[in-house]
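Q: Here it is, the structure in full.
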Amino acid sequence: MKVAGFTFVRNALKYDYPVVQAIRSILPICDYFMVAVGKSEDATLEMIQRIGDPKIHIIQTEWDDSMREGGRVLALETDKAFQAIPKEYDWCFYIQGDECVHENALYNLRASMERWLDDPQTEGLLFDYRHFYGSYDFVGRSRRWYRREIRIVRNNKKIFSYRDAQGFRKGNGAKLKVRRVHEYIHHYGWVRHPGVQQQKQLHFKKLYLTDEAALNHVGTYEAFPYDGSEPLERFEGTHPAVMLPRIEAQNWHFQSDPSHARWPLKDRISNWIEKWTGWRPGEYRNYILLK
């Protein structure tokens, strides 16, 4: 069995993406790694090159910033990396530039790929998510955070990145049939210094909206106003080892009191139903889960 990792990135230094940590977090179980590096305003290309692992291969790309509807450009860049993976690799492990996998999960992930390798019904593997918010100490609890998504797919070039690169589909838009691996993606997209986070949010919204609409949505704050009443819970586990130097260097303070969380009514109702039935009503599922 041969496994290829892949990702895309642009302006990682400018917007403080932990993309090197993301790559390193899954590199040990990859035999090959493709990185699509978009033309940047900083030294992102040199940073990826400095990783210095012979498994890493780079293609340089140009983002089409006119593809704003639904953040389509993000999916197109994902597809460029995926399509560049040679056909001899069986599984393709996708990691975004603000995601990491814990080293303790790698053995199980490799074993899961081995287990389902010869089962053609299994088209991908589904991960659980932890969405960190404000600092590395808190994870989101509200329904605005997606709970699961596909991050490993077969090397089938009929598979493509869906919408804004959150997940994958195939052919005429059919959902992939997947197995859940019961391992986590640690998502750090909402953990940055407030000044950098504000810049990142404005840039990110411009991938979806006109410049004027993006500015109206994000506002003109100098620092991102992290919401202390966001429904959160304190994270009691451990972070991936590749993230520890970054976590130790955190240079801002975020304070939250989960007891003062502002829960929308629909979330409170959904929480109650899930507690008593195990079913989360209205959950977006971009996949077909196999038993």
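Each value in this text was obtained by applying a stated rule to the coordinates, not by laboratory testing. Everything numeric here is computed off the predicted structure, so don't read it as measured data. Using ideal geometry, Cβ is built from the backbone for each residue, glycine included, and neighbour counts are taken over all protein chains shown.
Q: Just how large is the dipole of the chain about the Cα centre, in debye to the nearest 20, putting +1 at every Lys and Arg Cβ and -1 at every Asp and Glu Cβ?
A: Details: 43 positive and 38 negative charges, 225 e Å.
Result for the chain is approximately 1080 debye, rounded to the nearest 20.
Q: Restricting to DSSP H runs of at least four residues, report the calculated mean residue ellipticity at 222 nm for the chain, -39500 (n - 2.57) per run over all residues, nearest 500 deg cm²/dmol.
A: On the way: 8 runs with 75 residues, N = 291.
Rounded to the nearest 500, it is -7500 deg cm²/dmol.
Q: For a footprinting-style exposure proxy, rank SER112, SER229, SER161 by other Cβ within 10 Å, fewest first.
A: Working: SER112 20, SER229 12, SER161 23.
Ranking SER112, SER229, SER161 by Cβ neighbours within 10 Å, fewest first, gives SER229, SER112, SER161.
Q: Okay, moving on. Provide VAL9, VAL139 in ascending order of the number of other Cβ atoms located within 10 Å of each residue's Cβ, fewest first.
A: Numbers: VAL9 26, VAL139 21.
Lowest count first: VAL139, VAL9.
Q: Right, something else. Applying the Karplus parametrisation 6.51 cos²θ - 1.76 cosθ + 1.60 with θ = phi - 60° to the phi angles of the stretch 109-125, what ³J(HN,Hα) value in whole Hz is obtained for each residue in order, glycine and proline being reported as x?
A: Result, ordered by residue: 5, 4, 5, 5, 5, 5, 4, 9, 4, 9, 9, x, 5, 7, 9, x, 10 Hz.
Q: Over 25 Å between Cα atoms: which of LYS157/LYS177; LYS87/LYS170; LYS55/LYS291; LYS39/LYS206; LYS80/LYS200 fall into that group? Write down the numbers at each step before the final one.
A: Values: LYS157/LYS177 16 Å; LYS87/LYS170 17 Å; LYS55/LYS291 34 Å; LYS39/LYS206 17 Å; LYS80/LYS200 23 Å.
Pairs exceeding the cut-off: LYS55/LYS291.
Q: Still on this structure: What share of the DSSP beta bridges in the chain is antiparallel, in percent to the nearest 5?
A: The answer is about 45 percent antiparallel.
Q: Sorting ILE59, ILE95, ILE48 on the 10 Å Cβ count, fewest up front, what's the list?
A: In order of increasing Cβ crowding within 10 Å: ILE59, ILE48, ILE95.
Q: Taking the dipole about the Cα centre of the chain, with the C-beta of Lys and Arg at +1 and of Asp and Glu at -1, give me whichever of LEU215, ALA249, SER259 is farthest to the positive side.
A: Highest projection toward the positive end goes to SER259.
Q: When the dipole is taken about the Cα centre of the stretch 1-131, and only Lys, Arg (+1) and Asp, Glu (-1) are charged at their Cβ, what size is it in debye, to the nearest 20? Display every interim value, and only then the final one.
A: Working: 14 positive and 22 negative charges, 42 e Å.
So the dipole magnitude of the stretch 1-131 works out to roughly 200 debye.
Q: I want to verify a result. In a Gaussian network model of the chain, Cα cutoff 10 Å, which of these has the top mean-square fluctuation: GLN121, GLN96, GLN21?
A: Among GLN121, GLN96, GLN21, the largest GNM mean-square fluctuation belongs to GLN121.
Q: Let me know the volume per residue of the alpha-carbon convex hull for the chain, in Å³. Don't jump to the answer; show the numbers that get you there.
A: On the way: hull volume 41.6 nm³, N = 291.
Taking only Cα atoms, the chain has a hull volume of 143 Å³ per residue.
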